[in-house]
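The values are calculated or read from the model by the stated rules, or taken from the named source; none is laboratory data. Just so you know, these numbers come straight off a predicted model, no measurement behind them. Cβ: placed from backbone, ideal geometry, glycine included. Neighbour counts: every protein chain shown.
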Amino acid sequence: MKKIMAKQEAEWSNSLSIFWLKKHGYLDGGWRYGGIKWTYGLSGNESSIGFTVVTKVEGEEDHIRLQYTYTDKWSGKKESLDYKIRLTTTPCNYGGVRYWFVCPLSKNGQYCGRRVGVLYSIGKYFGCRHCGELTYASRNLSGYQKAGGRVISIPELERLEKEVKRQYYAGKMTRKYKRFLQKNQKSYMQLITITTALNKRLNRSKKFA
């Protein structure tokens, strides 16, 4: 049983990337433990999770186990969460496999189960963009709220993700993989803008309530 630890500090909405897990060796097999910390540049607030990644272990289904404390924004009530998210693989053109998360959420009473490369904090749980309807919210914004540029849609990110056949070649990041990461990071920053704008609007509403 091997333990490795790594931390990620980012100024975007809470997200968990399969590419980040791969980069830090969490998908190399066995039981691997780690944690992620997010720091929000606008407020200085922090949040964190602990996780265990299990891959290539006999008798165990590949999965990531998340452990963290969720705080309700309205009541302030804290809840300890501990649950597993299944991992799946697809073959790569040049050999080996590529890992994916399987979204554990349900929407409108129907299990999602989408195969995705990034999970986002949606309420108290982590799930895919589709379940969080993150892009839908961004389409309703205008003016300074779109200062980050053209809104990147879910289909566009998925298309770029599918185009990545190989992440590295001869020790260097491939052009398509680099392009996907850049687009993905830009979508994170757009999400910050959206969240900030909505929080300001909510605070104004409270003042007049």
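A few remarks follow.
- Check on W12, surrounded by fewer than 15 Cβ atoms within 10 Å (Cβ to Cβ) and either in a loop (DSSP other than H, G, I, E, B) or at pLDDT 95 or above (or both): no
- Taken over region 87-120, the criterion of being out of contact with any helix residue (DSSP H, G or I) (no Cβ under 9 Å at 6 or more places or on another chain), more than 24 Å from S47 (Cβ to Cβ) and of a type outside the set (G, A, S) is satisfied by T88, T89, T90, P91, C92, N93, Y94, V97, N108, Q110, Y111, R115.
- Residues in region 117-138 include none that are in a strand (DSSP E or B), of a type in the set (F, W, Y), surrounded by fewer than 15 Cβ atoms within 10 Å (Cβ to Cβ) and modelled with pLDDT of 75 or more.
- Scanning region 68-116 for residues that are polar (S, T, N, Q), part of a strand (DSSP E or B) and loosely packed, with under 14 Cβ neighbours inside 10 Å yields T69, T71, S80, T90, S106, Q110.
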